[in-house]
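A.B. asks: Quick one: the structure is below, questions incoming.
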Amino acid sequence: MFHPEDIDMGRMLGQLSEISSVSSSPDGGVTRCTFNPAFLASMSLVAGWMNEIGLEVRFDRWGNLYGRYACAGGGSSILAGSHLDSVQNGGNFDGLLGVLSALEAVRLIKQAGIELAKDIEIVAFIEEEGNVFQKLLLGSLLATGQISKQEISGLQNEEGEAFLDILKKIQFPYPVEPEKTLHENVESYLELHLEQARLLETNQKSVGLVTSIAGLKVFRVDLIGQADHAGSTAYADRRDTLLAAAEMITALRRIGLELFPSTARITVAKIEVIPGMTNVVAGETVFNIDTRSADVETAKTVESEIRSLVSKLSEKHQLKYDIQVLSDSPAVITATRMRKAIEKGIEKSGLDQMDLVSWAVHDALALSKVTDVGMIFVRCLDGRSHCPEEFVSPEDIADGTAVFANTLIELASTT
């Protein structure tokens with residue numbers, strides 16, 4: 001079994017630095033958006049490191065990168081990794097740390113000559129962030145066959161270039177397996193990620209065990225009233241949709257704090273006012289509600305509260321309204337056997353455990369549709385992420401990677 005001091009932090013920090021240097025942004029962060037030059041350079045580096053330790057390096061037809069440690073001669077495998085893309089001017093740890101931790105863990109296991117009953121395959125997914133083709137978890141959804149041919153054909157970037165056309169132009173540095181999918185022979189998926197919150201830091205823990213990935217459901221609320229002159233229309237005669245929206249948004253915040261302080265998050269951060277003129281009462285207001293729920297039952301209660309509130313306040317302000325569900329990804333409870341394996345991995349690393357809910361979505365959410373998933377969180381400074389200030393200390397990277405390696409051994413050692 002491995003301990004944090006067994007991790008070669010010089011090598012891992014060097015890899016992080018090298019990828020940062022090829023994907024750095026003028027504003028101090030990194031920009032590895034799917035298939036941009038920085039992404040392709042980073043992808044080639046990771047593929048090369050996989051090859052250096054003797055992994056079988058391949059791409060699937062979507063551009064996801066794999067490195068297989070064929071220690072058991074085929075059959076079922078343990079999938080481990082994360083995504084390689086970043087947000088615009090983001091941090092160098094989100095996603096990438098999970099890929100490099102998996103790489104270092106497999107290197108340790110391989111060098112130690114530990115016999116395993118299952119193969120281990122490292123994966124670096126494209127487009128988890130959804131920045132380029134406007135689809136969250138795109139790489140892992142494609143890899144697991146959860147997107148229709150029609151939707152794939154319609155994927156394009158902001159310049160109108162089709163995803164499939166861009167793929168045709170890329171010269172991948174290793175062979176492409178056109179028929180590769182993750183439906184078959186993947187027994188489980190393990191992902192390490194920075195927490196993107198402050199619970200580990202607040203509780204002075206370096207690693208956490210993710211018990212569930214919160215469900216994400218986004219609503220679009222359209223309030224329809226009447227546009228009128230802002231000066232001559234009396235208050236009593238107005239059907240002001242922006243005023244109603246303001247009251248709804250404030251009430252949603254109160255509902256979240258009072259009814260779901262630890263089981264849900266309700267956020268409004270996008271709003272459009274029509275006609276959007278200073279001297280005209282808002283005749284129509286459209287806003288989105290981002291909801292995250294720790295479990296399916298909570299999600300149902302959250303939706304019920306939202307619909308009741310919108311109906312009540314629309315009637316109060318004499319408005320018509322419409323509510324649409326823009327996206328719906330139910331919460332995922334991580335598999336019991338995965339949690340037990342991570343618990344043993346933490347224990348054998350000599351560390352303390354803390355259970356956490358992941359309030360952000362991850363590739364593990366997509367993989368949960370085809371296999372058991374487990375996640376390990378590592379502490380990040382001030383809970384900051386998706387920004388240049390994103391930081392995980394070398395000590396916490398070592399802790400997380402040791403847990404990762406020990407967990408992989410637990411998962412791959414049993415027949």
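A.B. asks: Could you name every one of the helices (runs of 4 or more DSSP H) located completely within region 333-415 that has at least 2 residues being modelled with pLDDT of 95 or more, in contact with a Leu (Cβ under 8 Å, 6 or more places away or on another chain) and on the phi > 0 side of the Ramachandran plot?
C.D. replies: Counting at least 2 such residues, we get no helices (runs of 4 or more DSSP H) at all.
A.B. asks: Out of all the residues in region 224-231, is one or more under 25 Å from K135 (Cα atoms) and not assigned by TED's automatic domain parsing to the domain that holds V357?
C.D. replies: No, there is no match, as no residue in region 224-231 is under 25 Å from K135 (Cα atoms) and not assigned by TED's automatic domain parsing to the domain that holds V357.
A.B. asks: Of the residues that make up region 72-80, is at least one of a type in the set (G, A, S) and either outside the structural domain of H362 (by TED's automatic domain parsing) or over 29 Å from I409 (Cα atoms) (or both)?
C.D. replies: Looking for residues that are of a type in the set (G, A, S) and either outside the structural domain of H362 (by TED's automatic domain parsing) or over 29 Å from I409 (Cα atoms) (or both), one finds none in region 72-80, hence no.
A.B. asks: Looking at region 322-332, can you tell me whether even one residue there is at pLDDT 95 or above, closer than 22 Å to L200 by Cβ and not charged (D, E, K, R)?
C.D. replies: no
A.B. asks: What's the total number of residues in region 159-178 that are in a loop (DSSP other than H, G, I, E, B) and free of Cβ contacts under 8 Å to residues at least 24 places away in the same chain?
C.D. replies: Number satisfying all stated conditions: 4.
A.B. asks: Taking the conditions exactly as written (among the β-branched types (V, I, T), surrounded by fewer than 17 Cβ atoms within 10 Å (Cβ to Cβ) and either at pLDDT below 95 or within 18 Å of D363 (Cα to Cα) (or both)), does T202 satisfy them or not?
C.D. replies: No; evaluated as a whole, the condition is false for this residue.
A.B. asks: Out of Q146, Q134, Q111, Q150, I need the residue that is farther than 23 Å from Q15 by Cβ, part of a helix (DSSP H, G or I) and not small (G, A, S). Which one?
C.D. replies: Q150
A.B. asks: Something else about it: Is it fair to say M375 is in contact (Cβ under 8 Å) with a residue 60 or more places away in the chain and under 16 Å from A197 (Cα atoms)?
C.D. replies: yes
A.B. asks: Among strands (runs of 3 or more DSSP E) lying entirely in region 179-243, which contain 1 or more residues that are touching a residue at least 60 places away in the same chain (Cβ under 8 Å), aromatic (F, W, Y) and touching a strand residue (DSSP E or B) at 6+ places or on another chain (Cβ under 8 Å)?
C.D. replies: Strands (runs of 3 or more DSSP E) meeting the threshold: 186-194, 215-224.
A.B. asks: Every residue in region 113-128 that is touching a helix residue (DSSP H, G or I) at 6+ places or on another chain (Cβ under 9 Å) and more than 21 Å from T371 (Cα to Cα), please.
C.D. replies: Residue satisfying the conditions is I114 alone.
A.B. asks: Also: How many residues are within 30 Å of T334 (Cβ to Cβ) and surrounded by 15 or more Cβ atoms within 10 Å (Cβ to Cβ) when one looks only at region 221-261? Even if it seems obvious, please write down each step before you answer.
C.D. replies: Quick first cut of region 221-261, residues within 30 Å of T334 (Cβ to Cβ) only: 252-253, 255-261.
If we keep only those that are surrounded by 15 or more Cβ atoms within 10 Å (Cβ to Cβ) as well, we get 252, 255-256, 260.
The number of residues fulfilling the criteria is 4.
The values are calculated or read from the model by the stated rules, or taken from the named source; none is laboratory data. These figures come from a predicted structure and were not determined experimentally. As a convention, Cβ positions derive from the backbone with ideal geometry for all residues, glycine included, and neighbour counts pool all protein chains shown.
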